[in-house]
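Asks: The structure's right below; bear with me while I get my questions together.
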Amino acid sequence: MRDGLTLEVLVAADYDQVRKLWAAAGLPIKPNGRDSRAQFTQQIAIGTQTILGLRDGKRLIGVVVTTHDGRKGWINRLAIHPDYQRRGLARQLITAAEETLRQQGMTIIAALIEDWNKPSLALFQEAGYIVHDDIHYLTKRDSHDV
Ligand SMILES: CC(C)(COP(=O)(O)OP(=O)(O)OC[C@H]1O[C@@H](n2cnc3c(N)ncnc32)[C@H](O)[C@@H]1OP(=O)(O)O)[C@@H](O)C(=O)NCCC(=O)NCCS
């Protein structure tokens, strides 16, 4: 990693720092649902999720969550602290996430990006991802919190 930054696989004990970083970057959080401490811990324990963190010294300044369902890999919850944006760090985290997923046997990698998130759309397209305008995102939730 450039600028003396270090990349590591995060663990359940990093939960508070990850939450803080997501908040600082402005990512919406489901504190009582899939972003709760319990679910974060559980998701890591299952083994289909790998969370990569980028640190400047001890400070967590970047995070990305990779998951796979056995068929397809997903890049989720990518965030770079505002103090460190536009230095190519998200691009590096995407590359690291792709390497992780390929090592897990995934040959297709996808990301869900909301239409308003132009920086993220630009980032992923710059990284070689293709936008599909013929796909709709459908969900069914047990509650608004999840
Ligand atoms: C989206 C985000 C992760 C980008 O992080 P970053 O480290 O600043 O991105 P990079 O420096 O690696 O950018 C690489 C390329 O992506 C595009 N890009 C990144 N941020 C952009 C922005 N704000 N506006 C337009 N293009 C942008 C550019 O093409 C950029 O290359 P350039 O700087 O040479 O023009 C960061 O803005 C962030 O954390 N946003 C809030 C959380 C979020 O929305 N995450 C994505 C969820 S899907």
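Laboratory data are not the source of any read-out in this text; all were calculated from the coordinates shown. The structure displayed is predicted, hence computed values, not measured ones. FYI the Cβ positions are ideal-geometry reconstructions off the backbone, even for glycines, and counts take in every protein chain you see.
Asks: Just one of the numbered conditions (1) surrounded by 12 or more Cβ atoms within 10 Å (Cβ to Cβ); (2) farther than 18 Å from ALA127 by Cβ; (3) in contact (Cβ under 8 Å) with a residue 40 or more places away in the chain is not true of ILE44; which one?
Replies: (3)
Asks: Separate question: Out of LEU54, LEU27, LEU93, LEU112, which single residue is under 12 Å from the mean Cα position of the chain (by Cα) and loosely packed, with under 12 Cβ neighbours inside 10 Å?
Replies: LEU112
Asks: Would you mind telling me which numbered condition in (1) buried (at least 17 other Cβ atoms within 10 Å of the Cβ); (2) in a helix (DSSP H, G or I) GLU99 fails?
Replies: Here GLU99 meets the rest and fails (1).
Asks: If LEU60 meets every condition in (1) within 20 Å of VAL18 (Cβ to Cβ); (2) within 11 Å of the ligand (Cβ to nearest atom) apart from one, which number is that one?
Replies: The single condition LEU60 does not satisfy is (2).
Asks: Among all residue pairs at least 6 apart or on different chains, which show Cβ distances below 8 Å where the first residue, located in region 58-82, is small (Gly, Ala, Ser) and the second is within 8 Å of the ligand (Cβ to nearest atom) and assigned to a loop (DSSP other than H, G, I, E, B)?
Replies: Listed pairs, sorted by first residue: GLY62/HIS81; ALA79/LEU27.
Asks: Now for a different question. Go through ARG71, ARG77, ARG86 for me and flag whichever is surrounded by 18 or more Cβ atoms within 10 Å (Cβ to Cβ) and not in a helix (DSSP H, G or I).
Replies: ARG77
Asks: Name, by its number, the condition in (1) in contact with a strand residue (DSSP E or B) (Cβ under 8 Å, 6 or more places away or on another chain); (2) outside any strand (DSSP E or B); (3) within 16 Å of the ligand (Cβ to nearest atom) that does not hold for ARG34.
Replies: (1)
Asks: Right, next: Could you tell me whether ILE130 is of a type in the set (A, V, I, L, M) and either surrounded by 10 or more Cβ atoms within 10 Å (Cβ to Cβ) or more than 16 Å from the ligand (Cβ to nearest atom) (or both)?
Replies: No.
Asks: Sort out which residues of region 1-24 are surrounded by fewer than 12 Cβ atoms within 10 Å (Cβ to Cβ) and part of a helix (DSSP H, G or I), and write them in order of number.
Replies: Within region 1-24, ARG2, ASP3, GLY4, ALA13, ASP16 meet the criteria.
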